[in-house]
Structures are given as C-alpha cells and as structure tokens.
Amino acid sequence: MSSPRYTDGVVRVRVPATSANLGPGYDSLGLALDLHDEIEVRLAPSGIAVEVTGEGAGEVPRNQDHLVVRTMRHTFDQLGGQPAGLVVRCRNQIPHARGLGSSAAAIVGGVLAARALANDNAAVLDDAAVLRLASGMEGHPDNVAPCLLGGFTIAWIEQDGAHAVRLSPLPRVAPVVFVPEQRGITAQARKLLPDRVPHSDAATNVARAALLVHALTSDPSLLLVATEDRLHQDYRTPGMEHSIALVHHLRAAGVPAVLSGAGPSVLALAGPGEDLTGMAAPGFVARSLPVCPDGATVSVC
Ligand code: HSE
C-alpha cells in the first residue's frame with residue numbers, strides 16, 4: 001500500500017455521547033445522545049501537540065498517549081503511513097468514565113479524523129471498516145455503533161469483526177441520564193461478570209432485548225418490561241451500589257431505568273413531558289439528553 005497523500009486543511013469531527021446495553025442488550029444495543037465532543041486536527045511539520053478543553057482537561061495525557069492520537073496513529077498504519085506531525089484540539093462535553101461513551105467518541109473521532117486527513121481515503125477504509133476498526137480498539141461495538149451511525153443501533157460481532165444496523169427510536173422516547181460524581185472503569189466493571197449465567201436468565205434477556213427493539217421503535221408502553229436485565233447490571237453492584245439502587249428505585253416507581261453502559265451513570269427513558277429530574281438521588285445530576293439522530297460528522301476546511 002502506498003503512503004497516503006495528506007490534506008493541508010483542518011479536519012473537524014463532532015462525535016455524540018452514547019449509552020450502551022440499554023438493560024438487556026449487553027454489548028449490542030446503544031443510543032446516541034445529544035451531547036458532543038469536538039476534535040480538530042491538522043498536520044504539523046513534526047511532533048505532537050494536544051490541547052484539551054472541557055471534560056478531561058488537566059487529566060488526560062497531552063502527548064502520543066492521548067486516546068485520539070493513539071487511535072489516529074493506529075488508523076494511519078491501516079492507511080499506509082504516518083504523517084510527520086499532528087496538532088490535535090479536543091473540546092469535550094462528554095463526562096469521562098461515567099458510562100456515556102467518552103472513549104468510543106475519542107476512538108471514532110480519531111479514526112474519522114485520520115481518514116479525513118489522509119484525503120478521506122474511504123477506498124482503503126470504508127464506513128464498515130471504520131466500525132470494525134473502532135470496535136476492535138474499544139473492545140465492544142455497542143458504543144461505537146451509535147456514535148458512528150446515530151439513533152438507536154443494534155451491533156453484533158462476526159468473524160470479520162463488528163457490524164451494526166441503525167433504527168430510529170420514536171421521538172417521544174426522552175432519555176434522562178443521572179450522572180454521579182463517582183467514576184467507573186469499564187474494564188473493572190466487565191471483570192465482575194460471571195463466565196456462566198443460568199439458562200433462564202439468558203432466555204429472559206433474549207426476549208427482553210428483542211422486545212426492546214419493538215418498544216423503542218413502535219410501543220414505548222412496553223419499555224419498563226423490555227429494559228429488564230439479568231446478565232450484567234446486578235453483578236456490577238460492588239463499586240456502584242448507589243447507581244444500582246437508583247436503577248431499582250426508578251424501576252419500582254414505574255420508570256424504565258438501566259445502567260448506562262458499564263455505569264456508573266443511570267439512563268431512564270422518560271415519556272413526553274415527564275420530568276424525572278426530581279428523582280435524582282444525592283450525588284447524581286439529572287440531565288435530559290434527547291436521542292441524537294445523527295452519528296459522527298466530519299468537515300474539512
Ligand atoms: N457493553 C459494555 C459493557 C458497554 O457493559 O461493558 C461499556 O460502555
């Protein structure tokens with residue numbers, strides 16, 4: 001493969017927050033939410049300069065270890081070569097380590113930014129390959145898919161990697177996220193899950209996940225029963241007792257509520273005009289975040 005020709009322009013990528021699993025759809029279902037990070041990149045004669053404002057500023061590395069930079073480097077390898085230097089500016093709104101897809105946003109943003117800098121080399125890296133590459137880096141596809149495609153996505157893994165389809169949830173489905181001060185590490189939350197689960201629990205989740213597709217797209221009256229999960233949420237209680245307690249409290253009040261991704265944020269699916277903000281437990285901030293119909297967008301100027 002020959003080394004790519006790079007654009008002299010400035011590439012801007014806008015990537016949405018996401019909520020994965022949605023209860024029973026472990027590692028598969030996801031929603032894009034109307035909260036965005038923005039990444040701006042351009043070539044430099046040498047070196048790496050990283051500027052971060054907003055979420056993560058002063059915390060994330062500002063060198064080649066930054067997740068956007070690592071992702072861009074990995075993507076340039078797939079595209080056939082590395083540029084001499086890079087300037088990367090991140091304006092972040094997605095809270096870090098809260099189960100709202102900040103790492104998927106950085107990875108999707110990095111892949112798309114690298115592809116656009118390499119003169120939008122979609123012949124080498126088409127959109128399906130972007131999904132596979134980004135999901136491979138993330139380790140699971142359920143945040144990457146809605147981040148890339150927007151709306152409500154069903155993702156799955158085949159031998160060649162991740163695949164996804166996008167559906168439109170009904171506009172009257174109104175997500176509210178309850179974001180705690182406490183952070184969570186997805187890798188640790190995954191380690192709490194058992195290798196084996198009772199067959200009856202697996203069967204329950206299969207039915208609920210299938211029903212959830214119908215509930216989100218056709219009949220929200222079924223959302224409470226359709227968001228029931230037995231595969232991951234309760235196993236994750238150690239370390240996020242308050243989040244799991246909030247999920248149970250909301251559900252007992254008839255609100256379809258789930259852990260957002262691997263937590264510790266909680267996602268509730270409100271109905272039109274329903275104000276859930278008063279149901280935030282101490283230490284949580286409630287935010288209404290509508291479903292974002294669009295996935296990541298890229299512009300070059
Ligand atoms: N499906 C992943 C998990 C989502 O639950 O570990 C992480 O955001």
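The values are calculated or read from the model by the stated rules, or taken from the named source; none is laboratory data. Please read these numbers as outputs of a predicted model, since none were measured by experiment. A quick note on method: Cβ atoms are made from the backbone with ideal geometry, for glycine too, and the neighbour counts reach across all protein chains shown. Note: accessible area is taken over every heavy atom of the protein model, side chains too, but ligands, DNA and RNA are not part of it. Shrake-Rupley method; radii C 1.70, N 1.55, O 1.52, S 1.80 Å.
Quick one: P(r) of the range 45-118 from all Cα-Cα pairs, 10 Å bins, percents rounded to integers, in order of increasing distance.
Spelled out per bin, shortest first, that is 20, 54, 23, 3.
In the range 1-40, carbon and sulfur make up what percent of the accessible area (probe 1.4 Å)?
Details: 540 of 1360 Å².
Result for the range 1-40: 40 percent of the exposed heavy-atom area is carbon or sulfur.
Could you work out, for the chain, what percent of all Cα-Cα pairs fall into each 10 Å distance bin, beginning at 0 Å and stopping at the bin that holds the largest distance?
7, 29, 34, 20, 9, 1
Pick out which of Ala20, Ala210, Ala226 has the largest mean-square fluctuation in a Gaussian network model of the chain, springs linking Cα atoms closer than 10 Å.
Highest fluctuation among the options: Ala210.
Count the net charge of all other residues whose Cβ sits under 11 Å from the Cβ of Ser288, scoring Lys and Arg as +1 and Asp and Glu as -1.
Local charge sum for Ser288: -2.
Counting Lys and Arg as +1 and Asp and Glu as -1, each charge on the Cβ, what is the dipole of the range 1-91 about the Cα centre in debye, to the nearest 20? Please list the in-between numbers first.
Details: 9 positive and 11 negative charges, 66 e Å.
The calculation lands at about 320 debye.
Using a 1.4 angstrom probe on the protein heavy atoms only, could you order Val285, Val87 from most to least accessible area?
Val285, Val87
So how tilted is helix 241-252 from the main axis of the chain? Cα-based, degrees 0 to 90, rounded to 10.
50
Given H placed 1.01 Å from N in the peptide plane, which residues other than close sequence neighbours of Leu29 have an amide H under 5 Å from its amide H?
For Leu29, the qualifying residues are Asn21, Ala155.
Measure off, as a whole percent, the carbon and sulfur share of the 1.4 Å-probe accessible area of the range 195-266, all protein chains present. Spell out each step's value before the answer.
Values: 1880 of 3170 Å².
Ligands and nucleic acids excluded, carbon and sulfur give 59 percent.
Return one whole number: the accessible area per residue of the chain in Å², for a 1.4 Å probe.
For the chain, the solvent-accessible area averages 43 Å² per residue.
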